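Report on the structure given below.
Each reported figure results from applying straightforward, stated rules to the coordinates on display, with no laboratory input. As the structure is a prediction and not an experimental result, all values here were calculated from the model. Every residue, glycine as well, gets a Cβ built from its backbone with ideal geometry; the counts of neighbours run over all protein chains shown.
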Amino acid sequence: MKTALVTGSSRGIGRAIAIRLAQDGYKVVIHGAGNIAKANETKQIIEQNGGVAEVIISDLTDIEKTRELCETVKETDVLILNASLQYRTPWQEITTKACYEQLNCNFVSSMMLIQAVADNMKKKGWGRIVTIGSVQEAKPHPDMLVYSASKAAQTNMVKSLSLQLAKDGITVNSVAPGVIYTDRNVEALSDPEYAKKVTDSIPVGFCGEPEDCTGIVSLLCSDEGRYITGQNIFIDGGKSVQ
């Protein structure tokens, strides 16, 4: 049984991906930053459906904690880099602390985890790496400068590594969701006026659900996805092409 690590899988998009990969037959390592109860909820859902899962907790804003995590996950076959942090702040008010926290979580930890698992994937001649980006790479929010920049950096890392790892049977891709209805967006979208403004900006006319992101990730992690690498695939209802 192959093992899939899904960072940030205690809730939202990460949880939906973890559940889908368990259905696909992977043993899933569920990761959370600190809320072990939420991570255990994901584990319970997977196990109730006959899947295999375990929970690991690590704060990816802390490089030392990330380094410790890297030591425990080297046997990973599928790496889904979903964990992210976003602060909504006017650019002139961004602190260096907030900047580093977002960069560490959204980009540096991704690079470190890829470094940690790559050797095992190379030895097996098979591996799948998928980063979860954002429509903000194409349509940056004015008050999320660091978040959108970190996601763009992550995607450029994907393009570079896809070329370097292709000969080893390892594919590296990115999936970039648009407006997905998760607990991160509940408060903002509870304002009817703001919600209408958001949905009006999406060509299909509605927000996505976490499950809308799982099909393409499942494909990219499968043998059927072996010929897809170095791609950044938007799941955004057409928002990125407006």
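In table form, for the structure just shown:
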{"item": "Where only C-alpha atoms are counted, convex hull volume of the range 1-119 per residue in Å³", "result": "93 Å³"}
{"item": "Rounded Å value of the spacing that divides the Cα centres of the range 94-122 and the range 176-242", "result": "23 Å"}
{"item": "Two-site label geometry, Ile63 and Lys196: point separation in nm, points 7 Å out along Cα→Cβ", "result": "4.8 nm"}
{"item": "Linear extension gain, Gln48 paired with Lys123, 0.36 nm per residue minus alpha-carbon span", "result": "23.7 nm"}
{"item": "Rg/Rh ratio calculated on Cα atoms of the range 107-169 (Kirkwood radius)", "result": "1.06"}
{"item": "Simple Cβ-charge dipole of the chain, Lys/Arg +1 and Asp/Glu -1, about Cα centre, in debye nearest 20", "result": "540 debye"}
{"item": "Of Cys207, Asn35, Val217, farthest towards positive along the dipole that unit charges on Lys, Arg, Asp, Glu beta carbons give the chain", "result": "Val217"}
{"item": "Projected label distance in nm at Asn185 and Thr96, using a 7 Å step from Cα toward the beta-carbon", "result": "3.5 nm"}
